[in-house]
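Colleague: Let me give you the structure first, and then I'll get to my questions.
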Amino acid sequence: MKPSAVRTTTTTALAASLVAVLALAGCAKGEVEASSDTATAGGRDQVVASPTAGSGETCTVEEFGGKKLDLAGATVGFSQSEKEANPFRIAETASIKAEAADRGVELLTANAQSQFSKQISDVQDLITKGADLLVIAPLNSDGWGPVLRSAAAKKIPIVTIDRKINATACKDYVSFIGSDFVQQGERAADQMIEATGGKGKVAILLGSAGNNVTTERTKGFKDRVAAKAPGLQVVFEQTGDFAREKGQQVTEQLIQSNPDITGIYAENDEMGLGAVGALKGAGKKPGDVKIVTVDGTRNAVQGIVDGWISGVIESNPRFGPLAFATLDAFTRGEKVSQDIVIEDSAYTPENAKADLGKAF
Ligand code: GZL
């Protein structure tokens, strides 16, 4: 999903998004302040929507073919994709559960343990158990057709968070809420160029295959490096499956085959921390190889403080307030954006120590 510099968003959709943001900032629902910078009002603890980066397309319960309902009395099903070993997933699930509890919403949850076939059956089970609405953190972008048809048959609104699914907004699902992953790759490239002076050989620890996050973080990074630092060459790309252990194994191979590697771009913190383990095992010192990662986990930001990691681009997983604010606005009959792109921060050697408490 290419970010747009500015996209028009209809007033009511913008209001819905701003209501979502204000809900995060603790403002009363409906009291949408005039200020144009409201969109940045949300605290760092929560996802802050960026209404201007939305697609501009909106969806209403009538267009979707669903029915208005009071979210507080509804049952929401939440399908999590990966096992809760990665702090990103732990924080994401905790955020959904906390918001459901705050709103008095009955929440059914399922975790696919990183197996796509299980996620499909999990969602089917949530539908069978009577979920009125679904929040899905998809493992893969493709393969959702059959279960989306089951949900559509019962007119169950779906909000996807985190990764995108290849399906039709306002028909198969209502809204996507997530980061701009191309931009994350571009910002990681900027940090890598800064750390290496734009010269040398860089390796990419790719995320898992089959989802837009890996594709877009890779595209953003490579295009930016090619455009801004021709002296920096991508000489190695291999997946570490977003996992620390595999990230360490791949990096051990990398430093055998490329002992003069200058930098490593890890497409998530867990792989980046695996790379740190491999470098330590090889007798390297902090800063010998410049590492840039994406997520914003506590251990990775501590890695910046300790000198092992040069930069972390945040990918904020705390979708709970915004996901439920979007469902709430939708079920009350308001327009919601089909694409709600959140804003992510970044950690550098200059702010890591002071901002460590904001990591997850
Ligand atoms: C990003 C999310 C990615 C995280 C990884 O939104 O899909 O999946 O960056 C996780 O940590 O595995």
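The values are calculated or read from the model by the stated rules, or taken from the named source; none is laboratory data. Quick caveat: nothing in here was measured; it's all calculated off a predicted structure. Please note: Cβ atoms are built from the backbone with ideal geometry, for glycine as well, and neighbour counts cover all protein chains shown. Just so you know, the surface numbers come from the protein's heavy atoms only, side chains and all, with ligands and any DNA or RNA stripped out. Shrake-Rupley method; radii C 1.70, N 1.55, O 1.52, S 1.80 Å.
Colleague: Considering each of ASP344, ASP339, ASP295, ASP288 in turn, give the residue that is open to solvent by 10 Å² or more (accessible area, probe 1.4 Å) and either in contact with a helix residue (DSSP H, G or I) (Cβ under 6 Å, 6 or more places away or on another chain) or closer than 16 Å to VAL202 by Cβ (or both).
Modeller: Working: ASP344 fails: either in contact with a helix residue (DSSP H, G or I) (Cβ under 6 Å, 6 or more places away or on another chain) or closer than 16 Å to VAL202 by Cβ (or both); ASP339 fails: either in contact with a helix residue (DSSP H, G or I) (Cβ under 6 Å, 6 or more places away or on another chain) or closer than 16 Å to VAL202 by Cβ (or both); ASP295 fails: open to solvent by 10 Å² or more (accessible area, probe 1.4 Å).
Just one listed residue meets the conditions, ASP288.
A quick yes/no check of all residues on (1) modelled with pLDDT of 95 or more; (2) more than 15 Å from the ligand (Cβ to nearest atom); (3) open to solvent by 10 Å² or more (accessible area, probe 1.4 Å):
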residue: LYS164; (1), (2), (3): yes, no, yes
residue: SER175; (1), (2), (3): yes, yes, no
residue: PHE181; (1), (2), (3): yes, no, no
residue: ALA188; (1), (2), (3): yes, no, no
residue: THR196; (1), (2), (3): yes, yes, yes
residue: LYS201; (1), (2), (3): yes, yes, yes
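Per-residue answers, yes or no, for (1) open to solvent by 50 Å² or more (accessible area, probe 1.4 Å); (2) not hydrophobic (A, V, I, L, M, F, W, C):
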{"site": "LYS67", "(1), (2)": "yes, yes"}
{"site": "GLN80", "(1), (2)": "no, yes"}
{"site": "SER121", "(1), (2)": "yes, yes"}
{"site": "ASP125", "(1), (2)": "yes, yes"}
{"site": "VAL135", "(1), (2)": "no, no"}
{"site": "PRO138", "(1), (2)": "no, yes"}
{"site": "SER141", "(1), (2)": "no, yes"}
{"site": "VAL147", "(1), (2)": "no, no"}
{"site": "ALA151", "(1), (2)": "no, no"}
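Colleague: Quick check, is ALA209 closer than 20 Å to PHE88 by Cα, surrounded by fewer than 21 Cβ atoms within 10 Å (Cβ to Cβ) and small (Gly, Ala, Ser)? Write out each step before concluding.
Modeller: Values: closer than 20 Å to PHE88 by Cα: yes; surrounded by fewer than 21 Cβ atoms within 10 Å (Cβ to Cβ): yes; small (Gly, Ala, Ser): yes.
Yes.
Colleague: Go through ILE264, ILE309, ILE291 for me and flag whichever is away from the ligand (no atom under 13 Å from the Cβ), in contact with an Asp or Glu (Cβ under 9 Å, 6 or more places away or on another chain), within 25 Å of ASP162 (Cα to Cα) and in the same structural domain as ARG217 (by TED's automatic domain parsing). Walk me through it before giving the result.
Modeller: Numbers: ILE264 fails: in contact with an Asp or Glu (Cβ under 9 Å, 6 or more places away or on another chain); ILE291 fails: in contact with an Asp or Glu (Cβ under 9 Å, 6 or more places away or on another chain).
So the residue among ILE264, ILE309, ILE291 that is away from the ligand (no atom under 13 Å from the Cβ), in contact with an Asp or Glu (Cβ under 9 Å, 6 or more places away or on another chain), within 25 Å of ASP162 (Cα to Cα) and in the same structural domain as ARG217 (by TED's automatic domain parsing) is ILE309.
Colleague: So in region 347-360, with the set limited to residues that are within 17 Å of the chain's Cα centre (by Cα) and among the hydrophobic types (A, V, I, L, M, F, W, C), which one is surrounded by the fewest Cβ atoms within 10 Å (Cβ to Cβ)? Lay out the reasoning, then the answer.
Modeller: To start, the set of residues in region 347-360 that are within 17 Å of the chain's Cα centre (by Cα) comprises 347, 358-360.
Those left that are additionally among the hydrophobic types (A, V, I, L, M, F, W, C): 359-360.
On the way: ALA359: 23, PHE360: 20.
Going through the qualifying residues, I end up with PHE360.
Colleague: Is there a residue in region 204-212 that is closer than 17 Å to VAL276 by Cβ and touching a residue at least 40 places away in the same chain (Cβ under 8 Å)?
Modeller: In the first step, residues of region 204-212 are kept if they are closer than 17 Å to VAL276 by Cβ; the result is 204-205.
Adding the requirement that they be touching a residue at least 40 places away in the same chain (Cβ under 8 Å) leaves 204-205.
Yes, because at least one residue in region 204-212 is closer than 17 Å to VAL276 by Cβ and touching a residue at least 40 places away in the same chain (Cβ under 8 Å).
Colleague: I'd like the full set of residues that are part of a strand (DSSP E or B) and of a type outside the set (D, E, K, R), limited to region 327-360. So that I can check it myself, show each step before the final result.
Modeller: From region 327-360, those part of a strand (DSSP E or B) are 336-337, 339-343, 346-347; that's our starting set.
Listed by number, the residues that qualify are VAL336, SER337, ILE340, VAL341, ILE342, ALA346, TYR347.
Colleague: Here's something else I'd like to know. Step by step: first the residues of region 267-285, then only those that are farther than 19 Å from PRO349 by Cβ, in a helix (DSSP H, G or I) and within 10 Å of the ligand (Cβ to nearest atom), then the one that is most open to solvent (accessible area, probe 1.4 Å). Which residue is that?
Modeller: Filtering first and then ranking leaves GLU270.
Colleague: In region 298-305, is there at least one residue being open to solvent by less than 10 Å² (accessible area, probe 1.4 Å), farther than 28 Å from ALA131 by Cα, within 14 Å of the ligand (Cβ to nearest atom) and not in a helix (DSSP H, G or I)?
Modeller: Scanning region 298-305 turns up no residue that is open to solvent by less than 10 Å² (accessible area, probe 1.4 Å), farther than 28 Å from ALA131 by Cα, within 14 Å of the ligand (Cβ to nearest atom) and not in a helix (DSSP H, G or I).
Colleague: From the list ILE120, ILE96, which residue is assigned to a helix (DSSP H, G or I), among the aliphatic types (A, V, I, L, M) and touching a strand residue (DSSP E or B) at 6+ places or on another chain (Cβ under 6 Å)?
Modeller: One residue alone meets the criteria, ILE96.
Here's the yes/no breakdown for (1) at pLDDT below 95; (2) out of contact with any Leu (no Cβ under 6 Å at 6 or more places or on another chain); (3) under 22 Å from GLU82 (Cα atoms):
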| residue | (1), (2), (3) |
| --- | --- |
| LYS285 | no, yes, no |
| ASP288 | no, yes, no |
| VAL294 | no, yes, yes |
| SER310 | no, yes, no |
| PRO317 | no, yes, yes |
| GLY320 | no, yes, yes |
| LYS335 | yes, yes, no |
